[in-house]
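S.K.: Right, I'll just put the structure down here and ask away after.
The values are calculated or read from the model by the stated rules, or taken from the named source; none is laboratory data. All values reported here derive from a predicted model rather than from experimental measurement. Cβ atoms come from the backbone with ideal geometry, glycine included; neighbour counts cover every protein chain shown. Quick note on the areas: whole protein, heavy atoms, side chains included, nothing else; ligands and nucleic acids left out. Shrake-Rupley method; radii C 1.70, N 1.55, O 1.52, S 1.80 Å.
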Amino acid sequence: MKSNIESLKAIKAYIPPTEFYRVELPVMPSIRGNGWRDGGLCPFHNDKHKGSFRVNLETGAFVCFSCGSKGGDIIAFIQQRDGLSFPEALNKLTNEWGL
Ligand SMILES: [Zn+2]
């Protein structure tokens, strides 16, 4: 059983935000470049209009200008979307990505 710190390091090292969001945001427009990009539809509210949800493909940060959801990395994304605690989100990511 890895410690939370070890899991966090592994996740940051082995799950690039670009790959993560390509899987988690199927309607995200095709990716070019880095930094803040259009994330497609916001997963945190009943979003019908593209354009208000942004993800940062370098840091994993995300923000929705419509519902106000935001976070600093992909762990925060999983926590908020799935209603998980920090350790639960780490477990989910390490399991799903085979770390
Ligand atoms: Zn939203």
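S.K.: Out of segment 1-42, which chymotrypsin sites (Phe, Trp or Tyr not before Pro) are coil in DSSP terms and have no more than 12 other C-beta atoms within 10 Å?
M.R.: On the way: sites: Tyr14, Phe20, Tyr21, Trp36; in loops: none.
Passing both the DSSP loop test and the Cβ count: no residue.
S.K.: What does the extension gain come out to for Glu96 and Lys50, with contour length at 0.36 nm per residue minus their alpha carbon separation?
M.R.: Gain in length upon complete extension: 13.8 nm.
S.K.: Further question on the same structure: Using only Cα atoms, find the angle between the long axis of helix 4-14 and the longest principal axis of the chain, and express it within 0 to 90 degrees, rounded to the nearest 10.
M.R.: In the chain, helix 4-14 runs at an angle near 50 degrees to the longest axis.
S.K.: Kindly provide the trypsin sites (Lys or Arg not before Pro) of segment 1-79 that DSSP labels as loop, not H, G, I, E or B, and whose Cβ sees at most 11 other Cβ atoms within 10 Å.
M.R.: Passing sites in segment 1-79 are Arg32, Lys48.
S.K.: Report relative contact order for the chain in percent, whole number only (criteria: Cα-Cα under 8 Å, sequence separation at least 6).
M.R.: 23 percent
S.K.: Just from its helices, what would the mean residue ellipticity at 222 nm be for the chain, if runs of 4 or more DSSP H residues each count -39500 (n - 2.57) and the sum is divided by every residue, rounded to the nearest 500 deg cm²/dmol?
M.R.: Numbers: 4 runs with 39 residues, N = 99.
Result for the chain, helices only: -11500 deg cm²/dmol.
S.K.: State in Å² the accessible area per residue of the chain; use a 1.4 Å probe, count heavy atoms of protein chains only, and round to the nearest integer.
M.R.: Details: 5620 Å² over 99 residues.
That works out to 57 Å² per residue.
S.K.: What is the extension gain from Arg22 to Leu84, computed as 0.36 nm multiplied by their sequence separation minus the C-alpha to C-alpha distance, in nm to one decimal?
M.R.: Length gained, Arg22 through Leu84: 20.2 nm.
S.K.: If you take every residue apart from Ser52 with its C-beta less than 15 Å away from the C-beta of Ser52, what net charge results, scoring Lys and Arg +1 and Asp and Glu -1?
M.R.: +3
S.K.: Here's a follow-up. Please identify every one of the GluC sites (Glu not before Pro) in segment 1-76 that sits in a loop by DSSP and has no more than 15 other beta carbons within 10 Å of its own beta carbon.
M.R.: Those that pass, being in a loop and sparsely packed, are Glu58.
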